[in-house]
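The values are calculated or read from the model by the stated rules, or taken from the named source; none is laboratory data. None of the values given here were measured: they were computed from a predicted structure. Reconstructed Cβ throughout: ideal geometry from the backbone, glycine too, with neighbour counts over all protein chains shown. Quick note on the areas: whole protein, heavy atoms, side chains included, nothing else; ligands and nucleic acids left out. Shrake-Rupley method; radii C 1.70, N 1.55, O 1.52, S 1.80 Å.
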Amino acid sequence: MPPVFAHGRLRLYLLKLLDEAPRHGYEVIRLLEERFQGLYAPSAGTVYPRLAKLEAEGLVTHASEGGRKVYSITDAGRAELADRGGELADLELEIRDSVSELAAEIRDDVRGAAGALRREMRAAASATATPVEDVSWAAAKEELRKAKQEWKEQARRAKDESRRAREEAQQARRQAKEAQERAREEVVRIASQLQEQFAKSGGVLGNLAGTWLGGGASAPGADAPAAPGAGAGTGTATGASAGAAAGDPHWAEDLAATGDPARDLDRLLDRFRDDVRDAARDHGVTPAQLAEARTHLAAAADRLAATLRPGR
């Protein structure tokens with residue numbers, strides 16, 4: 001018989017069960033048995049070590065209630081579950097197929113047992129001089145009837161479970177699509193807030209904004225004389241801005257793509273903020289640099305917002 005759960009899939013399904021409600025280990029085992037309509041029941045030696053590993057990874061936690069550990073999913077566990085929404089939908093379909101395969105095996109076993117019983121009865125009737133007693137024949141027929149009834153019940157339960165798995169898979173796909181839409185809306189909102197906050201407060205070096213955007217025209221006034229009191233720092237910042245206008249083509253190359261554009265954009269924004277803060281902390285910010293930074297960041301926010309809102 002093929003494995004019910006492919007590698008790593010039982011871990012994902014345990015997170016799904018704990019996301020529904022906190023549960024103790026025995027309840028998790030019972031729920032898995034119910035989801036498979038009694039056709040599959042994992043052992044405690046299968047479930048408890050995986051729960052312990054999930055807890056060690058910070059994805060679940062437990063509390064003691066009545067001498068038993070009650071496991072609950074953490075925010076990190078919910079985040080992983082959300083990231084693997086499409087995989088969870090596929091898992092529901094796999095469970096449906098596993099239930100169907102198990103039901104088919106039971107059906108074949110029942111048919112084989114019934115055939116063997118008929119052959120044994122014919123052989124017994126041929127080997128004896130007297131017919132098989134009516135009582136024995138009636139008992140055999142009753143056993144056969146019970147076997148057929150059990151097979152029909154298992155097939156019905158497997159069909160119901162298959163239908164339920166399809167519905168849950170469709171719901172999981174809808175939820176994953178809605179989550180992606182919400183993520184895109186959040187990116188647009190963050191870009192708008194970024195533009196507004198930078199226009200109000202500045203507080204970072206504008207030459208890094210130009211570098212992050214990959215080039216662009218110098219901000220108005222970038223080549224103007226330094227403000228009184230700005231000192232050599234202003235001239236250095238202006239030269240750095242001109243030198244960075246072409247942008248660094250290798251900037252943030254170490255951030256590998258995750259396959260989720262919204263998540264990748266959040267990581268780029270985090271890297272941009274960290275780079276600017278590090279530069280401001282290491283070199284300081286003069287009033288002239290602050291004014292130039294505000295101009296660069298406003299332009300950056302406009303270009304990002306326009307990119308994220310095509311057709312508007």
For GLU186 and ALA82 in the same chain, what is the full-extension length gain: residue separation times 0.36 nm, less their Cα-Cα distance, in nm?
-> 35.9 nm
Could you please put LYS177, LYS69, LYS16 in sequence from largest to smallest accessible area, using a 1.4 Å probe?
-> LYS177, LYS69, LYS16
With 0.36 nm assigned to each residue of separation and the Cα-Cα distance removed, LEU117 to LYS141 gains 7.7 nm
Which of the lysines could be linked to LYS159 by a straight reach, that is with a Cα gap under 29 Å, when you skip same-chain ones fewer than 8 residues away?
-> LYS16, LYS141, LYS146, LYS148, LYS177
Descending packing, highest mean Cβ count within 10 Å first, for 291-300, 261-270 is 291-300, 261-270
For a label point 7 angstrom out from the Cα of GLN171 toward its Cβ, which stretches of the range 23-65 have the backbone nitrogen within less than 19 Å?
-> 23, 28, 31-37
Rank by packing, highest mean first: peptides 54-61, 252-259, with packing defined as the count of other Cβ atoms within 10 Å averaged across residues.
-> 54-61, 252-259
Apply 1/(1 + (r/R0)^6) to the Cβ-Cβ distance of ARG281 and ALA306, taking R0 = 30 Å, and write down the FRET efficiency to the nearest 0.05.
-> 0.45
Rounded to the nearest 0.05, FRET efficiency between ARG271 and THR46 (Cβ-Cβ, R0 51 Å) equals 0.80
Just order 280-286, 159-165 by mean Cβ neighbour count inside 10 Å, highest at the front, would you?
-> 159-165, 280-286
Set the Förster distance to 35 Å, then compute FRET efficiency between LYS16 and LEU255 from the Cβ-Cβ distance, nearest 0.05.
-> 0.75
Rounded, prolate or oblate: which fits the range 30-79 when a ≥ b ≥ c are the square roots of the eigenvalues of the alpha-carbon gyration tensor, with rounded for a/c under 1.5 and prolate only if a/b beats b/c?
-> prolate
